[in-house]
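Below is one structure; the comments refer to it alone.
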Amino acid sequence: MAHPHRANRLQGQMFLRPARDAVAKLPGYEFGSVLETDGFRSLDEFDLKLDEDGLTSVTLPSSWDKVKSPLKVVIQASLMESGGRPVTRRAEQAIWPAKTMPGIRPLFVKKETYDYKSNSYKPQFYGRFRQPCRF
């Protein structure tokens, strides 16, 4: 007997996102390099046909061999049912660039302020007594 989802289509997108706060049991701790700023990337879009068993696989080439911070791959996919109605799901997978990584819990508050001279937002760091931190 054929699977009810055979020949349906799976459409979606994959994204790469930074995961500086990668360990939920350690709130406030950050992992990885603050110098990495290109963590937000759209990776790929896909449009696949399910096989006779109602299965398919989504593969992604490794593009994070030089990364020094934890990342997560986010996949958002829609199964297009024969009636035309999509069933959409989202899944995330963590990627750690090393077996162990140090975590740092900063003792200052990070805020962004608008700099009208450069027309951009700049980070502001405040210490324990709400005094600006000087680096």
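Listed values, structure above:
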| read-out | value |
| --- | --- |
| Inter-residue pairs, beta-carbon under 9 Å, first exposed (fewer than 12 other Cβ atoms within 10 Å of the Cβ) and in segment 9-38, second at pLDDT 90 or above and of a type in the set (Val, Ile, Thr), 6+ apart | none |
| Tally of residues being out of contact with any Pro (no Cβ under 6 Å at 6 or more places or on another chain) and either assigned to a strand (DSSP E or B) or not acidic (Asp, Glu) (or both) across segment 31-41 | 6 |
| Positions within segment 42-84 being more than 24 Å from the chain's Cα centre (by Cα), exposed (fewer than 14 other Cβ atoms within 10 Å of the Cβ) and either outside any strand (DSSP E or B) or not assigned by TED's automatic domain parsing to the domain that holds Pro97 (or both), in sequence order | Asp51, Glu52, Asp53, Leu55, Glu81, Ser82, Gly83, Gly84 |
| Residue within segment 85-95 that is surrounded by 15 or more Cβ atoms within 10 Å (Cβ to Cβ), closer than 30 Å to Lys122 by Cβ and out of contact with any Cys (no Cβ under 6 Å at 6 or more places or on another chain) present | yes |
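The values are calculated or read from the model by the stated rules, or taken from the named source; none is laboratory data. Nothing here was measured: the structure is a model prediction, and the numbers come from that model. So basically every Cβ, Gly included, is an ideal-geometry build from the backbone, and we count neighbours across all protein chains shown.
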